[in-house]
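Structure first, commentary second.
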Amino acid sequence: MYKQIYSLTLILIAIIFPCCQNIQKDNCPTILVDIQKTGSIDLNQLSDLYDIVALETTEKNYIKQVEQVFLIDTFIVVWDSKSNEVFTFNNKGKYLYSIGSKGQGPEQYGKIEDVYVDYINKTISILDNTKQAAISYNIQGNFIKADNIPFFAYAFKPTKNGYWLLNYAQNKDRNILIYMDKETGNNSKGYLK
């Protein structure tokens with residue numbers, strides 16, 4: 001299934017990008033796509049690929065299904081949704097440690113629903129629907145804090161004073177996109193009913 005999605009994505013990129021022109025108007029980039037043209041593109045033109053890093057595999061970090069990969073300074077952080085863990089590697093691919101740990105304790109997580117990385121403060125937040133909480137750790141994997149989320153959420157983005165949460169209308173106000181204040185736990189804004 002994933003190979004089919006990956007292949008389809010590459011085909012779409014190969015078809016769409018050669019048909020694009022980048023036009024700059026009023027400091028706002030616009031891309032025009034001529035759907036009558038088809039062609040191919042060299043994927044090396046899309047980004048600078050300097051190294052391929054093989055990640056070390058041990059009994060502690062056997063990766064089953066990569067959901068997201070984050071690059072933070074000299075760290076490579078991998079969220080493995082199948083094993084329900086977040087692994088940390090150095091920039092050479094050597095396994096260092098897991099972020100947090102699974103369990104029922106106050107500093108642990110149950111089921112990872114989403115992961116967010118704050119690149120400025122170098123923190124990793126895990127959205128856990130089992131505990132209905134957003135749990136934050138530093139880049140070394142040490143617990144910082146946990147904030148209660150009073151409903152199930154499927155994606156999130158922490159802000160300075162709260163969280164943006166994607167909920168699929170399973171809350172009392174039936175909103176899909178919600179802003180929740182950290183201090184009060186109240187939904188201060190709701191969108192997309």
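Residues in the stretch 104-115 that are within 14 Å of the chain's Cα centre (by Cα) and open to solvent by less than 40 Å² (accessible area, probe 1.4 Å): 112, 114, 115. All of (1) surrounded by 13 or more Cβ atoms within 10 Å (Cβ to Cβ); (2) under 20 Å from the mean Cα position of the chain (by Cα) hold for residue 64 with one exception: (1). Of the strands (runs of 3 or more DSSP E) lying entirely inside the stretch 19-86, none contains at least 1 residues that are of a type in the set (Ser, Thr, Tyr), on the phi > 0 side of the Ramachandran plot and at pLDDT below 90.
Considering every residue within the stretch 116-134, establish whether at least one is under 29 Å from residue 177 (Cβ atoms), in contact (Cβ under 8 Å) with a residue 24 or more places away in the chain and open to solvent by 70 Å² or more (accessible area, probe 1.4 Å). Yes, the conditions are met somewhere in the stretch 116-134.
The values are calculated or read from the model by the stated rules, or taken from the named source; none is laboratory data. Note that the structure is predicted; figures quoted are calculated from it, not measured. Neighbour counts are summed over all protein chains in view; Cβ atoms, including those assigned to glycine, are modelled from backbone coordinates with ideal geometry. With ligands, DNA and RNA removed, areas are computed over all heavy atoms of the protein, side chains included. Shrake-Rupley method; radii C 1.70, N 1.55, O 1.52, S 1.80 Å.
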